[in-house]
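Chemist: What follows is a single structure, and I will ask about it in a moment.
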Amino acid sequence: MDNTGKKSRKFQVCNGYLLEFEQLARVLSFLAENSELKKVSRDALVEGTGLANRQIESLVSVGAAMGLIRPGNQVLTPAGRVVAKHDVFIEARGTLEWCHYIGSGSHRNLIWYEIFNTILPNEPAMTADGWMAFLRGTLAGQYTDRTIGKHLRQEVRFVADAYLNRNFRKLGVLHETSDGKLYRRRVAEITPKIMTAMIYDFGRRSGAELLQVDALVTQPGAPGAVFAMEPEALRQISEALHRNRWLRYESTHNLDQIRLHTDFSAVDFLTAYYNDEK
């Protein structure tokens, strides 16, 4: 596990709650209706949604983990505004692909990130208890026994439940054997405009306008990595995106890289995806 920047990583994302998409929709809707505000108080969210204070705390945290809410002032991010406008219940495949990429690919989301970028790609299939044992050993010495003992089970349960029982199950990225072992399944196709949005987001976050295809499927947090894509599958997708002129795929003269256009952004393609769906 990458131990850099421990203080910036968030151990508790769910705060003991499961991912209730309908309740998250109530928070997103309220924030969208009050989009003129620069900051929304916890009390206002409680009053406006009818949810308990601890539920609001959890839902804001989860929304922030998926890049939809700014946690400091509790307002929608640019991506959050787009999602709240077009798919507030987070049901469309493209929305789920985007939220999975952000949630599992953000280094800040400690347990979520480590499950998809350390355990699933590198370890044999294991049960949720196996995940906890692995993470307990990895985190020993970095957090107190009390912190690990109290919150680790909740966070692991949150991730497993979200992908096996909630909306994220539609993506088919996580599966369970008859004896309870959890494993990932490779995804060969991703909604084109959402994939493009992911690539632009990853490039901008990396501070790069030139990305190697292999890195996009092997580097932790990269779009191809969190969907367990094969390099050849990403190459085929990249060729299609290149034909659409959304990015430039350079594969001649021993090159295997993607060049981003400076005048496009992830939110541009996220917005275009919903416009196409209408």
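The values are calculated or read from the model by the stated rules, or taken from the named source; none is laboratory data. Values in this document were obtained by computation on a predicted structure and should not be read as measured data. Neighbour counts are summed over all protein chains in view; Cβ atoms, including those assigned to glycine, are modelled from backbone coordinates with ideal geometry. Note: areas computed on protein heavy atoms with side chains; ligands, DNA, RNA excluded. Shrake-Rupley method; radii C 1.70, N 1.55, O 1.52, S 1.80 Å.
Chemist: List pairs: first residue in the stretch 162-189 and in contact (Cβ under 8 Å) with a residue 24 or more places away in the chain and open to solvent by 60 Å² or more (accessible area, probe 1.4 Å), second residue polar (S, T, N, Q) and assigned to a loop (DSSP other than H, G, I, E, B) anywhere in the structure, Cβ distance under 6 angstrom, at least six positions apart or on different chains.
Modeler: Between residues of the stretch 162-189 that are in contact (Cβ under 8 Å) with a residue 24 or more places away in the chain and open to solvent by 60 Å² or more (accessible area, probe 1.4 Å) and residues that are polar (S, T, N, Q) and assigned to a loop (DSSP other than H, G, I, E, B), the close pairs are LYS181/THR127.
Chemist: Then there is this: Can you find a residue in the stretch 35-43 that is of a type in the set (Lys, Arg), under 16 Å from GLY80 (Cβ atoms), open to solvent by 50 Å² or more (accessible area, probe 1.4 Å) and over 21 Å from the mean Cα position of the chain (by Cα)?
Modeler: Our first condition is that a residue be of a type in the set (Lys, Arg); within the stretch 35-43, this holds for 38-39, 42.
Then drop every residue that is not under 16 Å from GLY80 (Cβ atoms), which leaves 38-39.
Filter once more, keeping what is open to solvent by 50 Å² or more (accessible area, probe 1.4 Å): 38-39.
From the residues that got through so far, the ones that are over 21 Å from the mean Cα position of the chain (by Cα) too are 38-39.
Looking for residues that are of a type in the set (Lys, Arg), under 16 Å from GLY80 (Cβ atoms), open to solvent by 50 Å² or more (accessible area, probe 1.4 Å) and over 21 Å from the mean Cα position of the chain (by Cα), one finds at least one in the stretch 35-43, hence yes.
Chemist: Residue check: is ARG146 open to solvent by 50 Å² or more (accessible area, probe 1.4 Å) and either at pLDDT 95 or above or of a type in the set (A, V, I, L, M) (or both)?
Modeler: no
Chemist: Yes or no: the stretch 170-180 includes at least one residue that is in contact with a helix residue (DSSP H, G or I) (Cβ under 9 Å, 6 or more places away or on another chain), modelled with pLDDT of 95 or more, part of a helix (DSSP H, G or I) and farther than 22 Å from TYR17 by Cα.
Modeler: No, the stretch 170-180 contains no residue that is in contact with a helix residue (DSSP H, G or I) (Cβ under 9 Å, 6 or more places away or on another chain), modelled with pLDDT of 95 or more, part of a helix (DSSP H, G or I) and farther than 22 Å from TYR17 by Cα.
Chemist: Can you report the number of residues in the stretch 61-78 which are closer than 19 Å to TYR200 by Cα and open to solvent by 10 Å² or more (accessible area, probe 1.4 Å)?
Modeler: Residues flagged as closer than 19 Å to TYR200 by Cα and open to solvent by 10 Å² or more (accessible area, probe 1.4 Å) within the stretch 61-78 amount to 3.
Chemist: Does ALA84 meet the test of being hydrophobic (A, V, I, L, M, F, W, C) and either open to solvent by less than 10 Å² (accessible area, probe 1.4 Å) or out of contact with any strand residue (DSSP E or B) (no Cβ under 7 Å at 6 or more places or on another chain) (or both)?
Modeler: It is false that ALA84 is hydrophobic (A, V, I, L, M, F, W, C) and either open to solvent by less than 10 Å² (accessible area, probe 1.4 Å) or out of contact with any strand residue (DSSP E or B) (no Cβ under 7 Å at 6 or more places or on another chain) (or both).
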